[in-house]
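Please read the structure below before turning to the comments.
The values are calculated or read from the model by the stated rules, or taken from the named source; none is laboratory data. This structure is a prediction, so every number in the text was calculated from the model and none was measured. As a convention, Cβ positions derive from the backbone with ideal geometry for all residues, glycine included, and neighbour counts pool all protein chains shown.
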Amino acid sequence: MKTVLTPKHGFAALLASMALVSTNTFAATFADADKDGDGALTLSELKAAGMDEYAANFKNLDTDKDGKISKAEFKANR
């Protein structure tokens with residue numbers, strides 16, 4: 001049986017569940033887009049994944065200018 005968190009469970013529990021969903025969504029999105037599995041996203045991987053907003057801002061997101069967006073760079077700019 002799945003527990004649905006409501007405000008009666010406490011605000012902290014509700015926020016914690018939202019953070020978990022957000023983290024899981026991030027991990028799934030990043031992993032799905034990282035087709036070569038190197039732990040970073042290239043411009044072509046972003047485009048292939050349909051992540052057009054990130055692709056359009058690739059130069060700004062790639063803060064260390066290595067031609068890839070690391071998980072940290074991606075997460076910092078979500």
> Do we have Lys35 as exposed (fewer than 13 other Cβ atoms within 10 Å of the Cβ) and not in a helix (DSSP H, G or I) here?
Replying inline: no
> Somewhere in segment 9-26, is a residue modelled with pLDDT of 65 or more, assigned to a helix (DSSP H, G or I) and small (Gly, Ala, Ser)?
Replying inline: no
>> Cβ-Cβ under 9 Å, sequence separation 6+ or interchain: first residue in segment 36-47 and in contact (Cβ under 8 Å) with a residue 24 or more places away in the chain and within 15 Å of Ala72 (Cα to Cα), partner of a type in the set (Gly, Ala, Ser) and surrounded by fewer than 17 Cβ atoms within 10 Å (Cβ to Cβ). Which pairs?
In response: Ala40/Gly67; Thr42/Gly67
